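K.L.:
Take a look at the following structure, please.
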Amino acid sequence: MKAYAIDEFGKPGSLEDVPTPEPGEGEVRVRVAAAGLNPFDNAVIQGYLKDRMEHRFPLVPGMDASGTVEAVGLGVSAWSIGDEVFGSVGKMHLGEGTLAELVTMSAGTIARKRPSLEHASAAAVPTAGVTALIMADALAIGEGLTAVAIGATGGVGSHFVQLATLRGARVVAVCRGENADYARRLGAVDVVDYTTGDAAEAVRSRYPGGIDVIADMHGDKESLARLARLVRSGGHVASAVGAADVDALKGRGIEATNVMGLVTTERLEALSRMSEAGEIVAPEIRRFSLQDAGDALAAVATSHVRGKVVVTVI
């Protein structure tokens, strides 16, 4: 089968012929229609995780996909050949990813794709959508809270702004000015353009009484710490990029956490139900072909993609 693979960390990859994967126990093999990319995928190909997880070469990146079940492994009863599914690979090693014609995925990290949702939109959901869902829960998002979303128009942010708005929060989007209209379409009531000045000062001037919540999808420790000074005691801070100083914020009466997007069937189904009900919509999608997967990864690496980058395979 064809797959985009790298043979060495930090080096360009190419479209290669690689062996067709066979599903192990608890796995299914999926014919990939579309693969969603995340910043994690760039971390993998640059070798940033080489001391933390097993990597297998030639290394095929990609965690998320939507497609059709083609084979099932031992112990799998929930899925049958021909089922259309979306989800994440769900493996403890890296290198058998979704930038390929076929991929094996854990039966516990996929969900049924509803017919009305195209594969590209479904592939944009798993890691980003689940991370946003976990963040919304960790932040105890509720009616009337003022929530500042850093990186509001990326993959996670596109989902988070909608989820927070759905739960009744007033979302202040921190993003580039060119993405302001998109942020408002997602549900943000206010937008701070971080490229025109200090975002913390801008938020302080508009909300002198303070804010309740910060969802950090794209900041750094220093900028998050400055914004966190505006959070009222009893508030919450969550970071998807490991930037929250949990102990320091706890000393101020603020509950903080660094979240990871652990994909499960149940979480995917929850997002699917909200999508089917029209409560959330798919993020804006920038599409690439499998042949241009290297360009797709480069686009993600800029950290300035609006919505999601998706590679269409079929």
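The values are calculated or read from the model by the stated rules, or taken from the named source; none is laboratory data. What you see is a predicted model, and the numbers here were worked out from it, not measured in a lab. Note that each Cβ is placed from the backbone with ideal geometry, even for glycine, and that neighbours are counted across all protein chains shown. We work out accessible area using only protein heavy atoms, side chains counted, and drop any ligands, DNA or RNA first. Shrake-Rupley method; radii C 1.70, N 1.55, O 1.52, S 1.80 Å.
K.L.:
Work out how much length residue 258 to residue 114 would gain on full extension: take 0.36 nm times their residue separation and subtract the Cα-Cα distance, in nm to one decimal. Numbers along the way, then the final one.
P.N.:
On the way: separation 144, 0.36 × 144 = 51.84 nm, distance 3.13 nm.
Roughly 48.7 nm would be gained on extension.
K.L.:
So how do 76, 189 rank on accessible area, 1.4 Å probe, biggest first, that is with the largest at the start?
P.N.:
My answer, sorted largest first, is 189, 76.
K.L.:
Just list whichever of 2/91; 11/113; 91/308; 50/113 have alpha carbons separated by over 24 Å in the model shown. Don't skip to the end; give the middle numbers.
P.N.:
Values: 2/91 21 Å; 11/113 34 Å; 91/308 22 Å; 50/113 33 Å.
Pairs exceeding 24 Å: 11/113; 50/113.
K.L.:
Separate question: How many Å³ per residue does the convex hull of the Cα positions in the chain occupy?
P.N.:
Taking the convex hull of the Cα positions in the chain, it is 126 Å³ per residue.
K.L.:
Charges on Cβ only, +1 for Lys and Arg, -1 for Asp and Glu, centred on the Cα centroid of the chain; of 69, 307, 42, which one is farthest towards the dipole's positive end?
P.N.:
The Cα lying farthest towards the positive end belongs to 307.
K.L.:
Something else now. Using +1 at the C-beta of Lys and Arg and -1 at the C-beta of Asp and Glu, which of 223, 93, 53 has the Cα lying farthest in the positive direction of the dipole of the chain?
P.N.:
Positive-end residue among those listed: 223.
K.L.:
Then there's this: Does region 184-314 come out rounded, prolate or oblate by the C-alpha gyration tensor, with a ≥ b ≥ c the root eigenvalues, rounded set by a/c under 1.5 and, if not, prolate when a/b is larger than b/c and oblate if not?
P.N.:
prolate
K.L.:
Also, I was wondering about something else. For a quick check of your reading of the filter: which GluC sites (Glu not before Pro) in region 1-74 sit in a DSSP loop and have no more than 14 other Cβ atoms within 10 Å?
P.N.:
Here the GluC sites (Glu not before Pro) that fit, given the DSSP loop and packing criteria, are 8, 25.
K.L.:
Please arrange 41, 181 by accessible surface area, largest first, computed with a 1.4 Å probe and ligands excluded.
P.N.:
My answer, sorted largest first, is 181, 41.
K.L.:
If I ignore ligands, DNA and RNA and count only protein heavy atoms, how much of residue 7 is accessible to a 1.4 Å probe, in Å² to the nearest 10?
P.N.:
110
K.L.:
Another question about this same structure. Hey, if we sort 287, 273 by accessible area with the 1.4 Å probe, largest down, what's the order?
P.N.:
So the residues, ranked largest to smallest area, are 273, 287.
K.L.:
Run through region 209-304 and list the GluC sites (Glu not before Pro) located in a DSSP loop whose Cβ has at most 13 other Cβ atoms within 10 Å.
P.N.:
Here the sparse-neighbourhood loop sites are 279.
K.L.:
Mind putting a number on the dipole of region 192-238 about its Cα centre? Charges go on the C-beta only, +1 for Lys and Arg and -1 for Asp and Glu, and I need it in Debye to the nearest 20.
P.N.:
For this selection, approximately 220 debye.
K.L.:
For region 49-83, which trypsin sites (Lys or Arg not before Pro) are both in a DSSP coil and crowded by at most 15 other Cβ atoms within 10 Å?
P.N.:
Qualifying residues, ordered by number: 50, 52.
K.L.:
Further question: Could you work out how far the C-alpha centroid of region 67-98 sits from that of region 179-233, in angstrom?
P.N.:
39
K.L.:
For the chain, what does -39500 (n - 2.57) per DSSP helix run (n ≥ 4), summed and divided by total residues, give at 222 nm, in deg cm²/dmol to the nearest 500?
P.N.:
-7500 deg cm²/dmol
K.L.:
Moving on to the next point. Could you compute the FRET efficiency for residue 221 and residue 7, with r as their C-beta to C-beta distance and R0 at 41 Å, rounded to 0.05?
P.N.:
0.75
K.L.:
How far is the Cα center of region 296-314 from the Cα center of region 118-145, in Å?
P.N.:
For region 296-314 versus region 118-145, the Cα centre distance is 18 Å.
K.L.:
Another one. Extending each Cα 7 Å along its Cβ direction at residue 304 and residue 273, get the distance between those two points in nm, one decimal.
P.N.:
4.0
K.L.:
Now, a different point. Using a cut-off of under 14 Å, list every residue of region 126-144 whose amide N is near the label point 7 Å from the Cα of residue 189 along the Cα-to-beta-carbon line.
P.N.:
Counting backbone N atoms under 14 Å from the label point, the list is 142-144.
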